[in-house]
Amino acid sequence: MTDVLTRRRTGSVAGALLLSAMVAAQVATGLQPRPIGLTSLVVILLALSSVAFAAAACGLRRAVSAFASAAALGYGSELLGVTTGVPFGDYAYTAVLQPQLFGVPVIVPLAWAGMGLAAYAVARGTGLARIGLGAVALTAWDLFLDPQMIRLGLWAWEHDGPYRGVPLTNFAGWLVVSFLMMALIHALARDTADDTGLVTVYTVMAVMETLGFALVFQPPDPLVAACGGAAMGAFAVLAWRRRWQR
């Protein structure tokens, strides 16, 4: 029991420190006209924070296994995407984000996996219900992600779509990949203890992205702030409500 409590305390403290560093780096990006240099740092800190909180909830081995599997799936889906256009649609990464492996920036799978763990934490239910809700929660993040990365010139779509240039096929692809990712995480890291840390990661991302598009980014984008904020915010509010009712 003592070892379990020590594990939870250590993981929670490490996760909180890493998340605080991520917030600081994210704020710093908003103060720069071209914040590409800090983008990779933000993603790395996000990923490490998620792994630390997951380790506190279910143990380091299971946390690393779930994260690594999710990252592998994320990379595979991106490689398939830039090569064939399936499942997201025709797009390509620019040369801005480096390093890249076969046309996919190496930090991209880290972002998939880090937010994948957080999205799984805010979803509830059993079996397919939780996997499906987790997939929607993760896809909700892309309502922010794609418009932001297009602004920064990190990738481009061959054919513009109706949502700030993003085609609807992208969100369909996100749902498919996210569903598979939630299934992996469910198999490898379910039955966690207190996953409040991962819910905090999801909430912090929702709040910061909403404020960024509403107030910080130039020009502001109220549509993206409203759509992404409502989608991610709903999952975050419900997750916290469940905890307050316990």
**Message:** Given an 8 Å cut-off on Cα distances and at least 6 residues of separation, report the relative contact order of the chain as a percent.
**Reply:** 22 percent
**Message:** Report the gain in length on full extension from ALA28 to THR84: 0.36 nm times residue separation, minus Cα-Cα distance, nm rounded to one decimal.
**Reply:** 16.6 nm
**Exposure rank, largest accessible area first [TYR91, TYR202; 1.4 Å]** = TYR91, TYR202
**Prompt:** Under a Cβ-Cβ cut-off of 13 Å, what is the net charge of the residues other than PHE171 that fall near it, where Lys and Arg count +1 and Asp and Glu count -1?
**Reply:** -1
**Prompt:** How large is ³J(HN,Hα), in whole Hz, for each residue of the range 146-157 in order, when computed from phi with the Karplus curve 6.51 cos²θ - 1.76 cosθ + 1.60 and θ = phi - 60°, using x for Gly and Pro?
**Reply:** 4, x, 5, 6, 5, 4, 7, x, 8, 8, 9, 8
**Prompt:** Considering amide H positions built from the backbone, and no H for Pro or chain starts, which residues 5 or more places from GLY153, or on another chain, come under 5 Å of its amide H?
**Reply:** none
**Complete:** In degrees, nearest 10, the alpha-carbon axis of helix 196-211 is tilted away from the dominant principal axis of the alpha carbons of the chain by 30 degrees
**Complete:** For the range 97-103, in residue order, the Karplus 3J(HN,Hα) values (coefficients 6.51, -1.76, 1.60; θ = phi - 60°; whole Hz; Gly and Pro = x) are 7, 10, x, 10, 10, 6, x
**Message:** Ignoring everything except DSSP H segments at least 4 long, calculate the 222 nm mean residue ellipticity for the chain; use -39,500 (n - 2.57) per segment, divide by total residues, nearest 500.
**Reply:** -25500 deg cm²/dmol
**Percent of C-alpha pairs per 10 Å bin, the chain, short to long** = 8, 33, 39, 17, 3, 0
**Prompt:** With every protein chain left in place, what is the accessible area of ARG151 in Å² (1.4 Å probe, nearest 10)?
**Reply:** 90 Å²
**Message:** If you count only protein heavy atoms with a 1.4 Å probe, what accessible area per residue comes out for the range 121-246, rounded to a whole Å²?
**Reply:** 44 Å²
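Keeping the other protein chains in place, figure out the carbon and sulfur percent of the accessible area of the chain, with a 1.4 Å probe. Could the numbers behind the result be given before it?
Details: 7750 of 10950 Å².
The C+S portion of the solvent-accessible surface of the chain is 71 percent.
The values are calculated or read from the model by the stated rules, or taken from the named source; none is laboratory data. These figures come from a predicted structure and were not determined experimentally. Glycine gets a Cβ as well: all are built from the backbone with ideal geometry, and neighbour counts include every protein chain shown. Ligands, DNA and RNA are excluded from the accessible area calculation, which covers all protein heavy atoms including side chains. Shrake-Rupley method; radii C 1.70, N 1.55, O 1.52, S 1.80 Å.
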